[in-house]
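Below you'll find the structure, written out as structure tokens, and then a few comments.
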Amino acid sequence: MTPNEDRKIREQFTPKTWNEIKTNDSWGIFKIMSEFVEGYERLSRIGPCVSIFGSARTAPDDKNYILAEEIAYKLTQNGYGVITGGGPGIMEAGNKGASRGNGVSVGLNIELPFEQHDNPYISKGMSLDFDYFFVRKVMFVKYAQGFIVMPGGFGTLDELFEAITLIQTKKIGRFPIILVGNDFWAGLIDWIKKVLLEENATISPEDLNLFRVVDTADEAIEHLNNYYAKYSLKPNF
């Protein structure tokens, strides 16, 4: 544990006066509100978009980076903008592909002690900075008409299950969730089926239909387009 981590833990047990609690909480509420207001104002007119999730650690020469860029490019050619976390790795690939396709390219940055920094492929005026993960996740979901989930770590899984949970509980519409890479996702899906569904019955069989697994950019775009064709809807700029 680093000294800074130790300090944060100890601070939680440090007695505070009522005035200190009120002051700190009040300023925290105003900061949260300001992030929501800025996000709503900046993103309210971006048009149909797809959020792309994935690892910040993926190198530009990695097959998943190349695939994410291709997916983002093809999204723009089919009328969708792209929303990413605004940082390096898969996020950069998503914004790069959207920029190459002359589409909307949004970056929702989060302030972190490592990994995160702006990438240069975000549309002008479409780079937003957040202190709070939960505010940022609201923006990922509120302004997306679909979700592309590339291989990633804990953050990617958090974003994936946030989207699944909101759809499962009908808090948002049943937007398509597309997992890219059968090899990467197979173990998790097997665990979901065996442990959650069969052994513990903590999910329903129909919950497995909330996502689709694909391997190529064309499969991802085809599933997205077919989904909206059912409603006679087409994205446009």
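The values are calculated or read from the model by the stated rules, or taken from the named source; none is laboratory data. Nothing here was measured: the structure is a model prediction, and the numbers come from that model. Every residue, glycine among them, receives a Cβ derived from its backbone with ideal geometry; neighbour counts consider all protein chains shown.
Okay, here's what the table says:
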quantity: Neighbours by Cβ (under 7 Å, 6+ apart or cross-chain): first from the range 61-74, crowded, with 18+ Cβ neighbours inside 10 Å; second assigned to a helix (DSSP H, G or I) and basic (Lys, Arg); calculated: Glu69/Lys96; Tyr73/Arg100
quantity: Qualifying position, being over 24 Å from Ile189 (Cβ atoms), crowded, with 22+ Cβ neighbours inside 10 Å, out of contact with any Asp or Glu (no Cβ under 9 Å at 6 or more places or on another chain) and not polar (S, T, N, Q), among Ile148, Ile122; calculated: Ile122
quantity: Qualifying position, being in a helix (DSSP H, G or I), of a type in the set (Val, Ile, Thr) and over 16 Å from the mean Cα position of the chain (by Cα), among Val135, Val37, Val141; calculated: Val37
quantity: Residue within the range 202-210 that is over 27 Å from Glu92 (Cα atoms) and surrounded by 14 or more Cβ atoms within 10 Å (Cβ to Cβ) present; calculated: yes
quantity: Test: residue in the range 88-96 that is within 17 Å of Ile46 (Cβ to Cβ), surrounded by fewer than 24 Cβ atoms within 10 Å (Cβ to Cβ) and without any contact (Cβ under 8 Å) to a residue 40 or more places away in the chain; calculated: no
quantity: Cβ-Cβ under 7 Å pairs, at least 6 apart or on other chains, the range 216-237 side of a type in the set (Val, Ile, Thr), far side part of a loop (DSSP other than H, G, I, E, B) and surrounded by 15 or more Cβ atoms within 10 Å (Cβ to Cβ); calculated: Ile221/Asn78
quantity: Strands (runs of 3 or more DSSP E) completely within the range 76-130 that count 2 or more residues being closer than 12 Å to Ser51 by Cα; calculated: 81-84, 105-110
quantity: Single match in Gly101, Gly79 (criterion: of a type outside the set (Lys, Arg), crowded, with 20+ Cβ neighbours inside 10 Å and either in contact with a Phe, Trp or Tyr (Cβ under 9 Å, 6 or more places away or on another chain) or closer than 17 Å to Gly152 by Cα (or both)); calculated: Gly101
quantity: Filtered residues of the range 168-191 (kept if touching a strand residue (DSSP E or B) at 6+ places or on another chain (Cβ under 9 Å) and among the polar types (S, T, N, Q)); calculated: Asn182
quantity: Top-ranked residue of the range 47-63 - restricted to ones that are in a loop (DSSP other than H, G, I, E, B) and either of a type in the set (Ser, Thr, Tyr) or more than 16 Å from the chain's Cα centre (by Cα) (or both), ranked as modelled with the lowest pLDDT; calculated: Gly47
quantity: Residue list for the range 155-180, restricted to those being outside any helix (DSSP H, G or I) and over 17 Å from Leu196 (Cβ atoms); calculated: Lys170, Lys171, Ile172, Gly173, Arg174, Phe175, Pro176, Ile178, Val180
quantity: Qualifying residue in the range 196-206 (condition: part of a helix (DSSP H, G or I) and touching a Lys or Arg at 6+ places or on another chain (Cβ under 7 Å)); calculated: no
quantity: Subset of the range 129-155 (residues that are in contact with a Phe, Trp or Tyr (Cβ under 7 Å, 6 or more places away or on another chain) and farther than 22 Å from Val104 by Cα); calculated: Pro151, Gly152
quantity: Residue within the range 166-182 that is surrounded by 18 or more Cβ atoms within 10 Å (Cβ to Cβ), of a type in the set (Val, Ile, Thr) and over 20 Å from Gly81 (Cβ atoms) present; calculated: yes
